[in-house]
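Read-outs: derived from the displayed coordinates by stated rules, not from any lab. Since we're looking at a predicted model, the values are computed, not measured. Every residue, glycine among them, receives a Cβ derived from its backbone with ideal geometry; neighbour counts consider all protein chains shown.
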Amino acid sequence: MITSLVPNHLTLATQSLASTGDAAASIFPILGWLVLVILAGGLCIYFIRRWMRRENDDPVGFTLGDLREMLEAGDITPVEFQSARDAMIAQVKKQAATGAATKAKNAKYTANKRR
């Protein structure tokens, strides 16, 4: 019947395990491989998360310190330094105002939500 579809060596192995009652001998290798697969998957997840959390060492744009160094090196004129400094300060103030407005909006939302 269906046993004709199963290869002979598998049929013999199944019959010998059933006759001896030593099913643990066939389970331990499978469990060993399962543990190895789980450990390998855990290591992959660990390294991927570590790679994703890695901070970018390249700064975006210039800092005031960079501009001062460029001014001292003679790469930019004092007028260029002053205009770049003013632009940076304006940008920081704009971001601070936007951040404060967002915080106020969120605080208002949470205050209404609690009522």
- Quick one: if you stick a label point 7 Å off each Cα along the C-beta vector at Tyr46 and Val79, how many nm between them? 6.0
- Task: For a quick protection proxy, order the peptides 43-54, 70-81 by their average other-Cβ count within 10 Å, most packed first.
- Result: 70-81, 43-54
- Using a Förster distance of 30 Å, how high is the FRET efficiency between Leu64 and Thr102, based on the Cβ-Cβ distance and rounded to 0.05? 0.75
